[in-house]
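In what follows, a structure is listed as structure tokens, so that the remarks can point back to it.
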Amino acid sequence: PRNHAAERCTELMRTALQGRKQRPLVLVVGGGTVGQSAEPLYADPVIDVLGFDVYASAHTSCIADGPQIPLAAGCVDAVLVQAVLEHVLEPARVVAEIHRVLRADGLVYAETPFLQAVHEGPWDFTRFTESGHRWLFRAFERLDSGVVSGPGLVTSWTLDHLVRGWTRSRLLGQVARLASVWLAAFDRFVPEALATDAASCVYFYGRRSEHTLTPHEIIAHYRGAQRP
């Protein structure tokens, strides 16, 4: 389904970077492929994009690992990390490295699954609620955060694995997902608070900060429908 969150936030990022004095550099963590709605950043003539991943591809500038980004501190203007943090053993280390390499006013856009089935098999480790994702980026000022996709897409994923389990057939499971993907269109009618508690994927868009969110602040941050 169309990724409205990434479209909006990457456009905000691109606009903010265009106003900077020096030629801005965007670092893509897990840049072996171009993430959803990231194409305008790659195509912008005044922005340099440096992507790295643990494997070589046409889009990678170098091969490196997220917990040890081979760049000097404070040398990049923005970071994209889409559908990556679930695939690293220590996501907090990767986020700390992102914080380290960003300039003082550097921006970050991140997407990470919440209610999704295992993908990439043995290289899939972690899931985050929207609050958990915000806590992961607690050393950043929040500019925006929320739901990428909601319970409609979750249902489609679940049907895939339910049919796969019944039939022992991965192909039939994928057919079930394709046949039910239209349910994602109804996510737009789900109130944000309810979608937050049943999201397929969540996002965070923020700015590097010297203030770290406190435990009391993360409780107050909760954006779901189960408020006391």
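The values are calculated or read from the model by the stated rules, or taken from the named source; none is laboratory data. Since the structure is predicted, the reported quantities are computational estimates derived from the model, not experimental observations. No Cβ is skipped: glycine too gets one built from the backbone with ideal geometry, and neighbour counts run over all protein chains shown. Surface accessibility is based on the protein's heavy atoms, side chains included, excluding ligands, DNA and RNA. Shrake-Rupley method; radii C 1.70, N 1.55, O 1.52, S 1.80 Å.
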Inset, instruction - Name the residue, out of GLY152, GLY146, that is of a type in the set (Gly, Ala, Ser) and surrounded by fewer than 21 Cβ atoms within 10 Å (Cβ to Cβ). - result: GLY146
Inset, instruction - Determine, yes or no, whether PHE114 is within 22 Å of ARG208 (Cα to Cα), crowded, with 21+ Cβ neighbours inside 10 Å, of a type in the set (Phe, Trp, Tyr) and modelled with pLDDT of 95 or more. - result: no
Legend entry - So ALA179, is it surrounded by fewer than 20 Cβ atoms within 10 Å (Cβ to Cβ) and farther than 26 Å from LEU89 by Cβ: yes
Inset, instruction - For residues that are closer than 28 Å to VAL101 by Cα, of a type in the set (Asp, Glu) and part of a loop (DSSP other than H, G, I, E, B), tally how many sit in the range 182-221. - result: 1
Inset, instruction - Select the strands (runs of 3 or more DSSP E) contained entirely in the range 1-96, then report the ones holding at least 3 residues which are under 30 Å from VAL181 (Cα atoms) and open to solvent by less than 70 Å² (accessible area, probe 1.4 Å). - result: 76-82
Legend entry - Long-range neighbours under 8 Å by Cβ, at least six apart or interchain, first residue over 20 Å from GLY121 (Cβ atoms) within the range 79-105, second open to solvent by 60 Å² or more (accessible area, probe 1.4 Å) and not aromatic (Phe, Trp, Tyr): GLU97/GLN68; ARG100/ALA73; VAL101/ALA72; VAL101/ALA73; ASP105/ARG207
Inset, instruction - Would you point out which residue out of SER57, SER37 is within 25 Å of CYS201 (Cα to Cα) and modelled with pLDDT under 95? - result: SER37
Legend entry - helices (runs of 4 or more DSSP H) fully within the range 106-181 counting 1 or more residues that are over 21 Å from the mean Cα position of the chain (by Cα): 151-167, 170-180
Legend entry - Condition met for GLY224 (farther than 27 Å from GLU97 by Cβ, in contact (Cβ under 8 Å) with a residue 40 or more places away in the chain and either of a type outside the set (A, V, I, L, M, F, W, C) or not in a helix (DSSP H, G or I) (or both)): yes
